[in-house]
Amino acid sequence: MVLSSPHSPRLKYLSLGVLVLQTTSLVLTMRYSRTLKEDGPRYLASSAVVSAEVLKILACTLLVFMENNFSVRLLKEEIVNKPLETMKLAIPAGIYTLQNNLLYVALSNLDAATYQVTYQLKILTTALFSVSMLGKRLGFYQWLSLLVLMAGVTLVQWPTESEGDSEQKILTAGSQFVGLMAVLMACVSSGFAGVYFEKILKETKQSVWVRNIQLGLFGFVFGFIGMIVYDGQSVSQSGMFEGYNTITCTVVALQALGGLVIAVVIKYADNILKGFATSLSIIMSTLISYFLMEDFSPTSLFFLGAMLVIAATFLYSNEHKPASGGAIKV
């Protein structure tokens with residue numbers, strides 16, 4: 001079966017722009033929430049993951065109701081009456097839940113520069129899974145753009161000697177290894193789950209919001225089980241909302257919004273372009289850190305890397321594909 005992509009380029013790049021803004025805001029607020037010094041205990045990462053899934057389910061349910069005159073018939077037909085279709089989302093939901101928790105582990109054990117550079121490997125894993133699972137064909141310049149992007153992001157996030165020295169004193173070799181393994185596993189899981197979800201979305205006519213409800217339901221179950229297993233004692237003593245404040249709620253809301261935006265991007269664009277949007281958001285976060293938070297000093301490597309990333313983005317999006325290149329064989 002061959003599926004084409006008739007969606008307008010304007011809608012594609014609008015969704016990518018929204019994803020860049022959402023990812024940038026999430027990076028800044030999450031980093032702030034994890035480094036903010038407070039008198040009380042810090043919020044549980046597993047609890048934030050579960051809360052984001054619940055909020056995403058509620059938002060998607062409301063959107064489905066609005067599209068169907070607040071009738072529950074569609075939800076019953078697509079979710080309850082089609083259990084096999086619903087079960088297809090269990091695999092990506094479980095992987096996404098694992099990935100979200102792995103990122104918290106990575107951020108707790110790696111400095112920001114190392115984390116951001118390493119996590120961009122998900123672009124390459126996504127491309128490989130897109131080729132192997134979707135039969136997508138990338139042109140020479142698209143493969144070249146992936147290599148240029150990797151080089152650019154590496155230069156942008158390359159740690160300076162002062163940053164490395166100060167953080168190296170805090171981090172131990174063991175914690176660095178744990179963080180590295182966590183982010184590498186997150187890269188592989190992100191690529192596989194994203195392409196798997198893209199395949200499901202593009203081979204069916206089911207509403208993207210219904211698919212997100214199904215994804216969120218499994219994500220909630222897996223996330224709740226993980227929270228009980230790893231943080232059950234803290235939850236039983238102080239509740240799952242211990243340490244929540246305005247910043248925490250903002251992080252949860254941005255995470256939930258990210259799931260919706262990514263679903264739209266996957267529907268109207270593809271996972272590799274989603275990876276480029278994430279890379280651009282890292283550069284925006286760095287610029288905001290310099291001009292507003294004043295905790296970053298740009299170097300010549302930063303400017304060179306930024307130019308490479310921008311060039312790679314245009315190189316990929318302006319690739320001249322063959323006549324059959326606009327279709328995805330599955």
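The values are calculated or read from the model by the stated rules, or taken from the named source; none is laboratory data. Everything numeric in this text was worked out from a predicted model, so none of it was measured. Methodologically, a virtual Cβ is constructed for each residue, glycine included, from the backbone with ideal geometry; neighbour enumeration extends over all protein chains shown. Surface areas here come from the heavy atoms of the whole protein model, side chains and all, with no ligands, DNA or RNA. Shrake-Rupley method; radii C 1.70, N 1.55, O 1.52, S 1.80 Å.
Answer yes if at least one residue in region 221-233 is over 24 Å from SER108 (Cα atoms) and either buried (at least 16 other Cβ atoms within 10 Å of the Cβ) or modelled with pLDDT of 75 or more (or both), and no otherwise. Yes, some residue in region 221-233 is over 24 Å from SER108 (Cα atoms) and either buried (at least 16 other Cβ atoms within 10 Å of the Cβ) or modelled with pLDDT of 75 or more (or both).
Going by the conditions given, is SER132 open to solvent by 60 Å² or more (accessible area, probe 1.4 Å), at pLDDT 80 or above, touching a helix residue (DSSP H, G or I) at 6+ places or on another chain (Cβ under 9 Å) and assigned to a helix (DSSP H, G or I)? Show your work before the answer.
Numbers: open to solvent by 60 Å² or more (accessible area, probe 1.4 Å): yes; at pLDDT 80 or above: yes; touching a helix residue (DSSP H, G or I) at 6+ places or on another chain (Cβ under 9 Å): yes; assigned to a helix (DSSP H, G or I): yes.
It is true that SER132 is open to solvent by 60 Å² or more (accessible area, probe 1.4 Å), at pLDDT 80 or above, touching a helix residue (DSSP H, G or I) at 6+ places or on another chain (Cβ under 9 Å) and assigned to a helix (DSSP H, G or I).
Scanning region 66-98 for residues that are buried (at least 16 other Cβ atoms within 10 Å of the Cβ) and polar (S, T, N, Q), we see that the one that is nearest to GLN214 (Cα to Cα) is THR86.
Could you grab me the full set of residues in region 155-179 that are modelled with pLDDT of 75 or more and either in contact with a Gly (Cβ under 7 Å, 6 or more places away or on another chain) or open to solvent by 60 Å² or more (accessible area, probe 1.4 Å) (or both)? Walk me through how you get there before you give the answer.
Within region 155-179, the subset modelled with pLDDT of 75 or more is 155, 177-179.
Scanning region 155-179 gives LEU155, PHE177, VAL178.
Within region 180-220, the only residue that satisfies the criterion of being among the β-branched types (Val, Ile, Thr), crowded, with 23+ Cβ neighbours inside 10 Å and more than 25 Å from GLU78 (Cα to Cα) is VAL183.
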